[in-house]
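A quick write-up on the structure given underneath.
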2 protein chains.
Amino acid sequence: MARTDLKPISKRPGYQAYGRLDQMLQIAAELFSDRGYHGTTVRDIAGKAGILSGSLYAHIRSKEDLLYEIVRRAADQFISSLEALRTRPNPPSERLRLALRAHVEVVAEHPERARVFLHEWTALRGKRRAEVRRLRDRYEALWGEILGDVVPTPDAKYARLLVLSAANWTYTWYRPDGPLSPEEVADRFTDLLLDGLGTKEGSG
Amino acid sequence: MARTDLKPISKRPGYQAYGRLDQMLQIAAELFSDRGYHGTTVRDIAGKAGILSGSLYAHIRSKEDLLYEIVRRAADQFISSLEALRTRPNPPSERLRLALRAHVEVVAEHPERARVFLHEWTALRGKRRAEVRRLRDRYEALWGEILGDVVPTPDAKYARLLVLSAANWTYTWYRPDGPLSPEEVADRFTDLLLDGLGTKEGSG
DNA sequence: CCTACCGATCGGTAGG
DNA sequence: CCTACCGATCGGTAGG
């Protein structure tokens with residue numbers, strides 16, 4: 001399970017180091033999110049980085065390297081933010097609230113990475129695509145754990161789908177510069193999910 | 001507001017007529033859904049239709065014509081299926097149930113068109129993109145009407161986001177050949193949304 | 001709908 | 001990271 005195919009010029013620790021490679025990954029994530037993987041050219045990416053397209057290949061081996069690395073790191077963020085909650089001894093409904101907060105916060109922090117993780121990953125092929133699918137399955141399994149403690153078993157499947165839908169769709173509408181904080185969004189969703197929205201019945 | 005830029009060779013009534021153009025739209029929808037608009041070539045489309053790429057242009061003026069026409073027709077389906085419910089005098093929660101059924105049924109009938117409508121539309125540019133955005137806004141406004149009758153005003157905004165998330169995310173996981181009927185999915189979601197999923201509390 | 005193409009652009013490389 | 005490319009493929013067209 002090769003961790004990455006990026007050129008081993010230097011062993012950079014993480015996304016936040018802001019070396020040249022990290023900068024290129026950030027630029028690529030924005031463009032892939034905006035125009036899609038196939039709608040983005042290596043010249044677009046190089047141009048935004050202030051270099052010529054050929055020079056990109058001093059840092060990467062292929063365009064797909066960039067997509068893979070963005071997706072893999074985003075998956076790590078989503079997964080580890082949920083795993084961090086497992087150790088805390090909270091009641092199930094509180095764990096649901098914290099999990100939704102964690103998810104929306106990851107989306108809010110880097111919407112472009114979230115979008116690439118949740119959609120553009122389909123442009124990956126072969127082994128890398130299969131690996132990303134496993135990461136996605138793992139993330140969904142973590143949600144299954146959380147929901148299994150909240151909802152009776154026969155409903156847990158639909159509950160998981162419902163919660164994941166709400167969580168995953170956020171990247172299509174949430175704007176970090178908008179009026180809603182990630183926490184506010186997550187808490188409203190949690191309240192509506194736990195209590196239900198049927199509070200006006202009989203009036204129609 | 002030009003309705004279409006397709007060549008006016010013949011005035012075909014609708015999608016179900018299965019003339020040559022409709023067949024090409026169906027093929028294009030499947031490929032766009034599968035590989036994305038930019039990931040699909042006109043040679044892919046022509047190949048699946050059993051002709052050469054140049055021959056496509058006897059039916060269309062550009063590749064974008066195909067995308068636009070698929071998206072426009074899909075939008076019509078989603079919108080009219082919700083508008084059809086407005087005339088019926090149902091209680092609000094029942095209208096929510098019927099609306100979710102209608103949405104999931106449209107997704108289930110043609111998942112590839114739903115996917116193109118809900119995602120690949122972003123590949124459209126200029127006027128066509130703006131027009132599709134208006135169609136999407138209109139669809140969301142119809143949901144706003146429905147939710148406004150179910151939920152108290154301050155929560156209606158989040159309720160609409162929650163329901164639309166559940167509805168719109170279905171195309172990513174729903175499989176027509178799977179064990180779940182559209183109605184079953186919609187009804188489970190409706191029950192969970194109306195009643196809430198917090199039924200195990202205190203056990204964790 | 002085919003034959004036969006076109007200019008533009010694509011991802012990527014060699015050699016500095 | 002640049003100069004200078006490469007072969008392949010792209011969306012699309014002219015003329016039948």
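Read-outs: derived from the displayed coordinates by stated rules, not from any lab. Just so you know, these numbers come straight off a predicted model, no measurement behind them. Backbone-built Cβ (ideal geometry, glycine too); neighbour counts: all protein chains shown.
Taking the fewest neighbouring Cβ atoms within 10 Å as the starting point, the ordered list for B:Val104, A:Val107 is B:Val104, A:Val107.
Remark: mean inter-chain Cβ contacts per residue of B:30-43 equal 2, using a 10 Å Cβ-Cβ cutoff to other protein chain atoms.
Between copies, the label points of B:Thr153, set 7 Å from Cα on the Cα→Cβ line, lie 4.7 nm apart, reported in increasing order to one decimal in nanometres. Mean per-residue shielding of peptide B:187-197 is 6, counting Cβ atoms of other chains within 10 Å of each Cβ. Label-point spacing for A:Arg129 across the identical copies (point 7 Å from Cα in the Cβ direction), in nm and ascending order: 2.7. Our helix-only sum for chain A, with -39,500 (n - 2.57) per DSSP H run of n ≥ 4 divided by its residues, gives a mean residue ellipticity at 222 nm of -22000 deg cm²/dmol. Placing a label point 7 Å from the Cα of B:Tyr18 along the Cα-to-Cβ line, the residues of the stretch B:35-50 whose backbone N sits under 17 Å from it are B:49-50. Once both labels are positioned 7 Å from their Cα atoms along Cα-to-Cβ, the gap between B:Lys157 and B:Arg61 label points is 4.1 nm. For the peptide B:157-167, the mean number of other protein chain Cβ atoms found within 10 angstrom of a residue's Cβ is 6.
What is the dipole size for the protein assembly as shown, taken about its Cα centre, with +1 at each Lys and Arg Cβ and -1 at each Asp and Glu Cβ, in debye to the nearest 20? Display every interim value, and only then the final one.
Numbers: 64 positive and 56 negative charges, 366 e Å.
I would put it at about 1760 debye.
With its label point defined 7 Å out from Cα along the Cα-to-Cβ axis, B:Asp187 lies at 3.7 nm from the matching points of the other copies, in increasing order. Ordered from longest to shortest, the equivalent ellipsoid semi-axes for the stretch B:64-196 are 25, 18, 13 Å, each the square root of 5 times a Cα gyration tensor eigenvalue. The packing ranking, built from the mean of other Cβ atoms within 10 Å per residue, places the peptides B:187-197, B:109-119 in the order B:109-119, B:187-197, highest first. The lysine pair count for the protein assembly as shown, using Cα distances under 25 Å and pairs eight or more places apart or on different chains, is 20.
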